[in-house]
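The values are calculated or read from the model by the stated rules, or taken from the named source; none is laboratory data. Computed from a prediction, not measured in an experiment: that's the story for all the values here. Quick reminder, even Gly has a Cβ in these numbers, built from the backbone with ideal geometry, and neighbours come from all protein chains shown. Keep in mind that these areas ignore ligands, DNA and RNA; they rest on the heavy atoms of the full protein, side chains included. Shrake-Rupley method; radii C 1.70, N 1.55, O 1.52, S 1.80 Å.
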Amino acid sequence: EEMTEFFLYVKEVHNLIANGRSARTGRMCEVIFANDISGVRKPPDRRFSKALTESSQQYEKLYPSLAGPTMILNLPFVLQAFVGLIKPLFPKGVQERLLFARAPVLARQKVLTPLTSGGERDKFLRE
């Protein structure tokens, strides 16, 4: 339960940032959640998955118009193929909000700090 509340808190912070950017730019910004699973060797703990799912469901209830897609990045090829087979079985709303993509710049990073400025940031944003 604490983990669910923490994830919801993090999503609230993201929402505040998106609101600020929307106000500054004059255009609506949405939050996109990206999960890079480069190097993951085993499935996540069930409690982690449950907390992530519950916080996402609560967030969508609180901010239905601001909840952008969730991106799953850098799935191993075999899992990517498997997901391609089962994704059509997901409800239409889930299919529209769940995106699978490659992000080679992320896969090469040992730490994410270089993505905050310079050429690596630009490459990442272009991907």
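Karplus couplings for region 26-33 from phi (6.51 cos²θ - 1.76 cosθ + 1.60, θ = phi - 60°), rounded to Hz, Gly and Pro as x?
x, 9, 5, 10, 10, 9, 10, 9
Radius of gyration and Dmax for region 39-98's Cα atoms, expressed in Å?
13.1, 35
Count neighbours as other Cβ atoms within 10 Å of each site's Cβ, and list the GluC sites (Glu not before Pro) in region 1-30 that are DSSP loop with at most 12 such neighbours.
Here the sparse-neighbourhood loop sites are GLU1.
At each listed q (0.10, 0.16 Å⁻¹), what is the log10 of I(q)/I(0) that the Debye formula gives for region 3-91 modelled as equal alpha-carbon point scatterers?
One equal scatterer on each Cα of region 3-91 leads to -0.33, -0.80.
Quick one: which residues, 5+ away or cross-chain, put their amide H under 5 Å from the amide H of ALA103? H built at 1.01 Å from N.
ASN74
Give me the percent of the accessible area of region 1-55 that comes from carbon and sulfur atoms, probe 1.4 Å, all protein chains in place.
56 percent
Assign unit charges at the C-beta atoms only (+1 for Lys and Arg, -1 for Asp and Glu), then state the dipole size of region 15-73 relative to its Cα centre in Debye, rounded to the nearest 20.
The dipole magnitude comes to about 100 debye.
Could you pull out every residue, at least 5 positions away or on a different chain, whose amide H is within less than 5 Å of the one on ASN35? Hs are placed 1.01 Å off N in the peptide plane, and Pro or chain starts have none.
MET71, ILE72, LEU73
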